[in-house]
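Read the structure below first, then the notes.
Coordinate-derived values only; no laboratory data. Predicted model, so just to flag it, every value in this text is computed and none were measured. Cβ coordinates were reconstructed from backbone atoms using ideal geometry, including for glycine residues, and neighbour counts include every protein chain displayed.
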Ligand SMILES: CC(C)(COP(=O)(O)OP(=O)(O)OC[C@H]1O[C@@H](n2cnc3c(N)ncnc32)[C@H](O)[C@@H]1OP(=O)(O)O)[C@@H](O)C(=O)NCCC(=O)NCCS
């Protein structure tokens, strides 16, 4: 056998080794993400054996590879097997980033044109669905990084859910969600807006509950109250300056007694009337 013919299988093997190493690295990241985000998970082996979200993800990685290589029916078939095994339906065309954690899994549906960034968490019963039937266009949402979607939430349409956003359990989200926002209800409304920056974001909160982000309406009211207090202090100061100037202007130059009455009823306390003349 010639030297070049001997080299071919060696190159093929090293390529395979690289692919397998990358695959294992990605899977290990996903297992570790589960361990980090589920207080109930005890070991890697437990995650590998007992976590349907992890099984669904492994099936999806294979199905997506087949789909991208135009093995469309095979991709659909693997995706379907994954659904039968786990109760999680992920279309093989969906694009999923790293370290996705699907907790409990059952009833999760992820549509064909959905995209999911890194470090996202989905609970059971979540739908990333479409509202249009037009083939070939983007119909499903895009989740940016670090998004948490509560159980039973429906995110419907081709819009973006911003970095670090949190979707409450059973929310129905029909519009774009800003970075760091928390959306609850049907149709979903925003109840808090934290920092969108990944660096400033608080660590992962199991079940997406974080007590230290105030309601935005309460926050706006507090801001207004602070503003009013500051303005009152300024007005009071101005009133005192005005009063001092008035006294100075009308005070008799001979130093005789002078009577000033300050008018007003509390809200108008800064208006000074010069009442008296030199007595
Ligand atoms: C939405 C969520 C992230 C909010 O957490 P938070 O920032 O701590 O917010 P709070 O609990 O202070 O609630 C803020 C307001 O939103 C309301 N709210 C919270 N979650 C809600 C929900 N899922 N649906 C409707 N309203 C909700 C609260 O009643 C409160 O309303 P109020 O200001 O009128 O009293 C959290 O409640 C949630 O739903 N997490 C998902 C948990 C989950 O799916 N677990 C599955 C485990 S298997």
If we keep only residues of segment 86-101 that are within 16 Å of the ligand (Cβ to nearest atom) and over 27 Å from residue 70 (Cβ atoms), then the residue surrounded by the most Cβ atoms within 10 Å (Cβ to Cβ) is 101
Result of the Cβ filter at 8 Å on segment 61-89, keeping first residues that are more than 28 Å from residue 151 (Cα to Cα) and partners that are surrounded by fewer than 16 Cβ atoms within 10 Å (Cβ to Cβ), at least 6 apart or interchain, is 66/72
By residue number, the members of segment 106-115 that are surrounded by fewer than 22 Cβ atoms within 10 Å (Cβ to Cβ) and under 21 Å from residue 27 (Cβ atoms) are 115
Just one listed residue, out of 142, 113, 134, is away from the ligand (no atom under 16 Å from the Cβ), within 17 Å of residue 91 (Cβ to Cβ) and touching a residue at least 40 places away in the same chain (Cβ under 8 Å), and it is 113
Within segment 116-129, of all residues that are part of a loop (DSSP other than H, G, I, E, B) and under 16 Å from the mean Cα position of the chain (by Cα), the one nearest to the ligand (Cβ to nearest atom) is 123
Subset of segment 152-186, residues closer than 14 Å to residue 142 by Cβ and within 8 Å of the ligand (Cβ to nearest atom), comes to 167
